[in-house]
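The structure under discussion appears below in the form of structure tokens.
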Amino acid sequence: MLLINILILYCFFMERIRLTMMKLVPILIDNKRIVQLSQLTIDQANDLRSFLPGSSIKQISYQGMELQDCIDFETYEYWCQTNHVQNGTTSTIWDV
């Protein structure tokens, strides 16, 4: 019985960890908070790309570097709150 209780408790905590997504810290460029999709896992980036219109993914020049696949942090945060956290999953359309 103790083993079953430990297993249930373990599963509960593992599920909580799985549902807790590590959120990106935004990059501040010209007083704009941005994140790069390349900083996410492949599954998360694919999921977010399918959620966004293509025009919201930007290329930004910063100190001579070209930062690819940038989006506004507010858009990323909205996606985290609505799609990713509510669904409680990191699956994408490719996982179906």
Would you check if there is a residue in region 81-91 being at pLDDT 90 or above and not aromatic (Phe, Trp, Tyr)? no
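Let's see how each residue does on (1) in contact with a strand residue (DSSP E or B) (Cβ under 8 Å, 6 or more places away or on another chain); (2) buried (at least 17 other Cβ atoms within 10 Å of the Cβ); (3) in a strand (DSSP E or B):
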| position | (1), (2), (3) |
| --- | --- |
| Val35 | yes, yes, yes |
| Asp43 | no, no, no |
| Asp47 | no, yes, no |
| Ser55 | no, no, no |
| Gln59 | yes, no, yes |
| Cys70 | yes, yes, yes |
| Tyr76 | yes, yes, no |
| Cys80 | no, no, no |
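The values are calculated or read from the model by the stated rules, or taken from the named source; none is laboratory data. This structure is a prediction, so every number in the text was calculated from the model and none was measured. Don't worry about glycine lacking a Cβ; one is built from the backbone with ideal geometry, like all the others, and counts go over all protein chains shown.
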